[in-house]
1. Here are some conditions: (1) under 20 Å from Ile176 (Cβ atoms); (2) out of contact with any Lys or Arg (no Cβ under 9 Å at 6 or more places or on another chain); (3) in contact (Cβ under 8 Å) with a residue 12 or more places away in the chain. Gly65 meets all but one. Which one does it not meet?
2. When Gly97 is evaluated against the numbered criteria (1) in contact (Cβ under 8 Å) with a residue 12 or more places away in the chain; (2) open to solvent by less than 20 Å² (accessible area, probe 1.4 Å); (3) not basic (Lys, Arg), which criterion, by number, is the only one it fails?
3. Just to be sure before I move on: is Ser134 open to solvent by 60 Å² or more (accessible area, probe 1.4 Å) and either at positive phi or in a loop (DSSP other than H, G, I, E, B) (or both) in the structure I sent?
4. Considering only the stretch 178-203, state which residues are open to solvent by 100 Å² or more (accessible area, probe 1.4 Å) and either modelled with pLDDT of 80 or more or part of a helix (DSSP H, G or I) (or both).
Amino acid sequence: HPHSRPRHPGARTMLPLLLLLLPAAHGIAQLRYRPALSREPPLEGLTTASTFVLDQPRCVFKDYGNADIWLVVALEQAVSTFNNTAGPGTPETAFQGFPDPVRAYMTLNATLANYPCPKPDGDITVLRVGSETSCAQDVMRPTCNGPLPGPGPYRVKFLALEGSVPVAETAWSVPIMLRTAKSPSSISTTGSGHSAGMIAITTILSILFAILLAGLVAMLVFWGSDSCGGSSTFSKPESVTVRRYNTHHVYDQPAARL
């Protein structure tokens, strides 16, 4: 029947397309902020073998007072494929699965109250990523801020969620590399050569000092023996005995008569 045909043949395909574009029309606010390693010197280094220190996103999410702010940590090659709708605490974003099969995890959730703007005096304004060791293997803590498993490079961003809906995000950071421990085979021999040279110099100086000391001792012994031999040529002076004479004849005589 001619009335059974749709008036617009493309209506059926347009409706699903509009439904797909509806969330995109709402969009996620792109904030002009890029996370970076802290400019404030922490107690430890900015990067270690398993951690790094970021500045807190102060005054960044001030328009999203009801949102939870999450840190997304990703392998550099996984940045383009990260799904903002992947909820925190799910197997898709759990720290315990990072870096394989999970390529990016979500951690360090906070509210706007945790990042007051402007910052009060004395406030700590840094985040150490990778500082929790107790929950690294605990699957009941999928949002654990656990130690990073390798040197990277890593990239991070902050993502604001209202409920489970992402509403705002920052740009991704530049790649962050962690420190690597040097293996014994990679240690330069220059330093060991320098140490060997110092040991040789120290040994030579010790030998010279020992020779000098032995010479001084021998000289003292020689002088001591020589002085003892010379003294034998002199006779020991006898002790002078002073005899006391009592002139008994003087005391015994009667007093002279006048």
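1. Result: Gly65 fails condition (1) only.
2. Every listed condition holds for Gly97 apart from (1).
3. Yes.
4. Arg179, Pro184, Ser185, Thr189, Thr190, His194, Ile199
Table: residues versus (1) open to solvent by less than 80 Å² (accessible area, probe 1.4 Å); (2) touching an Asp or Glu at 6+ places or on another chain (Cβ under 9 Å); (3) at pLDDT 95 or above.
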| position | (1), (2), (3) |
| --- | --- |
| Gly87 | yes, no, no |
| Leu108 | yes, no, yes |
| Pro116 | yes, yes, no |
| Pro120 | yes, no, no |
| Pro151 | yes, no, yes |
| Thr170 | yes, no, yes |
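The values are calculated or read from the model by the stated rules, or taken from the named source; none is laboratory data. Since the structure is predicted, the reported quantities are computational estimates derived from the model, not experimental observations. For neighbour counting, all protein chains shown are included, and Cβ atoms are generated from backbone atoms with ideal geometry for every residue, glycine included. Remember, those area values only see protein heavy atoms, side chains included, never the ligands or the DNA or RNA. Shrake-Rupley method; radii C 1.70, N 1.55, O 1.52, S 1.80 Å.
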